[in-house]
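Read through the structure below, which is laid out as structure tokens, and then see the notes.
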Amino acid sequence: ALVRVPLRRRPSIRSQLRADGLLLDFLKDHRPDMFNRRYAQCFPPG
Amino acid sequence: TPSLRLGRSSEKIYNFMDAQYFGEIMLGSPDQNFSVIFDTGSSDLWVPSSYCVSEACALHRRFRAFESSSFHHDGRMFGIHYGSGHLLGVMARDTLKVGGLTALNQEFGESVYEPGATFVMAKFDGVLGMGYPNLAEILGNPVFDNMMAQKSVEEPVFSFYLSRTRSSYPEGELLLGGTDEAMFTGPINWLPVTVKGYWQIKMDSVAVQGVSSFCPRGCQAIVDTGTSLIAGPTSDILSLQQLIGATPTNIGEFLIDCVRLSSLPHVTFVLGGTEYTLTAEHYVRKEMLGDKELCFSGFQAVDIVSPEGPLWILGDVFLTEFYSVFDRGQDRVGFAAA
């Protein structure tokens with residue numbers, strides 16, 4: 001058989017959190033690596 | 001229950017923060033419906049269990065084994081690592097229906113513990129992995145392997161159409177068993193799978209405005225419907241962000257001035273000698289915040305090192321522009337203009 005599965009597109013968790021003004025706190029609590037991403041270009045390569 | 005079979009130490013490339021495309025599946029008899037991400041970047045099927053203790057499960061549909069007449073107890077534990085935590089669960093077997101297709105005795109995971117708030121907000125209940133078997137944490141055949149073994153698909157091929165706009169119908173489509181000519185134009189360009197785990201291929205180079213800027217001697221890329229953006233090694237991505245004029249926010253995103261889109265450079269991925277060019281319209285994600293439009297870069301830094309070198313990830317930002325075909329019969333990936 002050749003079966004089609006329709007996919008729906010929904011706002012991402014990130015978009016929902018941003019719209020609710022909760023993204024900053026969420027990322028601080030749940031993505032500690034966010035800091036070093038922010039400043040990755042300040043470190044020597046590697 | 002035998003010893004806990006923890007997932008492999010390699011961190012799964014789950015970034016469900018940005019996942020946007022979901023489809024429905026049914027498990028058990030009578031049918032129990034779940035909304036899942038069809039994810040070519042993993043190979044496990046799992047849904048929340050009615051025994052789940054996490055806050056994240058409270059807001060999702062949960063599998064009730066005791067109500068299914070086709071349920072087979074397994075009981076072994078499984079664990080899947082995430083960037084943001086660890087998912088724990090129990091293995092089970094039951095009848096799975098996807099579209100009109102039935103896979104009997106499908107091994108899947110019932111999650112009993114789900115990490116953190118990532119899933120509390122999620123619009124999906126679980127994940128249906130469509131990678132190769134050796135990527136699986138859960139014993140037994142991944143779903144598409146089961147469908148091939150039971151000869152329930154016409155060809156050992158599946159394909160994805162993902163629409164970039166919310167207004168089009170369908171917003172996306174997974175086709176099991178072949179391709180849909182109505183969803184793409186021009187020829188399908190094929191690339192051999194280099195390592196059978198992820199759908200991993202060789203990328204020749206990445207050029208910004210025609211200048212071959214990254215991966216000049218070739219590198220490895222995976223085609224991952226479970227990742228929203230295009231990801232690459234931090235050093236390359238930081239340079240790329242500068243070339244497209246994106247500036248970092250204090251939470252690791254990269255913003256672009258929406259009025260400058262028309263003047264931003266094209267980014268071209270060369271795969272199998274064919275150029276796949278994304279304009280700013282393609283690689284910038286627009287988001288309304290109140291009455292204000294924000295423009296985010298569709299590139300993100302993810303450092304995944306494989307024995308073949310650092311991996312790039314071609315996620316939805318790429319797959320909305322290029323129809324993708326996954327051929328397990330000839331272990332190859334095909335792209336065509338969506």
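Whether a residue is surrounded by fewer than 21 Cβ atoms within 10 Å (Cβ to Cβ), more than 20 Å from B:Val267 (Cα to Cα), acidic (Asp, Glu) and at pLDDT below 95 was assessed, and B:Glu171 passes this test.
Results for (1) of a type outside the set (S, T, N, Q); (2) under 23 Å from A:Gln16 (Cβ atoms), shown as yes or no for each residue.
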position: B:Thr225; (1), (2): no, yes
position: B:Ala231; (1), (2): yes, yes
position: B:Ser239; (1), (2): no, no
position: B:Gly252; (1), (2): yes, yes
position: B:Ser263; (1), (2): no, no
position: B:Glu287; (1), (2): yes, yes
position: B:Ile304; (1), (2): yes, no
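Here B:Cys57, B:Cys52 are screened, and the one residue that is modelled with pLDDT under 95, under 22 Å from the mean Cα position of the chain (by Cα) and farther than 30 Å from B:Ala221 by Cβ is B:Cys57. From B:Leu243, B:Leu319, which residue is surrounded by 15 or more Cβ atoms within 10 Å (Cβ to Cβ), over 26 Å from B:Gly172 (Cβ atoms) and touching a Ser or Thr at 6+ places or on another chain (Cβ under 9 Å)? B:Leu243 is the lone residue from the list that is surrounded by 15 or more Cβ atoms within 10 Å (Cβ to Cβ), over 26 Å from B:Gly172 (Cβ atoms) and touching a Ser or Thr at 6+ places or on another chain (Cβ under 9 Å). Filtering segment A:16-40 to residues that are modelled with pLDDT of 65 or more, of a type outside the set (D, E, K, R) and under 16 Å from B:Asn250 (Cα atoms) leaves A:Leu17, A:Gly21, A:Leu22, A:Leu23, A:Leu24, A:Phe26, A:Leu27, A:His30. Note on segment B:252-270: residues that are hydrophobic (A, V, I, L, M, F, W, C) and crowded, with 18+ Cβ neighbours inside 10 Å amount to 5.
Looking across segment B:9-31, the residues that are surrounded by fewer than 20 Cβ atoms within 10 Å (Cβ to Cβ), within 14 Å of chain A (Cβ to nearest Cβ) and modelled with pLDDT of 95 or more come down to B:Glu24, B:Met26.
Within segment B:62-82, the residues that satisfy the criterion of being in contact with an Asp or Glu (Cβ under 6 Å, 6 or more places away or on another chain) and either modelled with pLDDT under 95 or among the hydrophobic types (A, V, I, L, M, F, W, C) (or both) are B:Phe63, B:Phe71, B:Phe78, B:Ile80, B:His81.
Each residue in segment B:176-194 was checked for being of a type in the set (A, V, I, L, M, F, W, C), in a strand (DSSP E or B) and closer than 19 Å to B:Leu314 by Cα, and 3 pass. For segment B:200-211, the count of residues that are more than 30 Å from B:Gly245 (Cα to Cα), more than 15 Å from the chain's Cα centre (by Cα) and assigned to a strand (DSSP E or B) is zero. Looking only at residues in segment B:322-338 that are in a loop (DSSP other than H, G, I, E, B) and touching a Pro at 6+ places or on another chain (Cβ under 7 Å), which one is surrounded by the most Cβ atoms within 10 Å (Cβ to Cβ)? If we take residues in segment B:322-338 being in a loop (DSSP other than H, G, I, E, B) and touching a Pro at 6+ places or on another chain (Cβ under 7 Å), then B:Arg328 is surrounded by the most Cβ atoms within 10 Å (Cβ to Cβ). Note on segment B:243-311: enclosed strands (runs of 3 or more DSSP E) holding 3 or more residues that are farther than 20 Å from B:Pro233 by Cβ and not hydrophobic (A, V, I, L, M, F, W, C) are B:274-278, B:284-289.
Look at (1) free of Cβ contacts under 8 Å to residues at least 40 places away in the same chain; (2) touching a strand residue (DSSP E or B) at 6+ places or on another chain (Cβ under 8 Å) and you find that B:Gly290 fails only one, number (2). Counting only residues that are of a type in the set (Val, Ile, Thr) and within 12 Å of chain A (Cβ to nearest Cβ), segment B:231-267 holds 5 of them.
The criterion of being surrounded by fewer than 18 Cβ atoms within 10 Å (Cβ to Cβ), within 12 Å of chain A (Cβ to nearest Cβ) and touching a helix residue (DSSP H, G or I) at 6+ places or on another chain (Cβ under 7 Å) does not hold for B:Val153.
In the condition set (1) under 18 Å from the mean Cα position of the chain (by Cα); (2) at pLDDT 90 or above; (3) in a strand (DSSP E or B), B:Leu87 is compliant with all but (2). Here A:Arg9 does not qualify as out of contact with any His (no Cβ under 7 Å at 6 or more places or on another chain), surrounded by fewer than 18 Cβ atoms within 10 Å (Cβ to Cβ), at pLDDT 65 or above and within 7 Å of chain B (Cβ to nearest Cβ).
For B:Glu173, the conditions (1) in a loop (DSSP other than H, G, I, E, B); (2) facing another protein chain (nearest Cβ under 10 Å) are fulfilled apart from (1). Among residues of segment B:243-264 that are at negative phi, those with a Cβ under 8 angstrom from a residue that is aromatic (Phe, Trp, Tyr) and part of a helix (DSSP H, G or I), sequence gap 6+ or separate chain, pair up as B:Ile244/B:Tyr283.
The values are calculated or read from the model by the stated rules, or taken from the named source; none is laboratory data. It should be emphasised that the depicted structure is a prediction, and the values quoted were computed from it without experimental measurement. Glycine also receives a Cβ, built like all others from the backbone with ideal geometry; neighbour counts cover every protein chain displayed.
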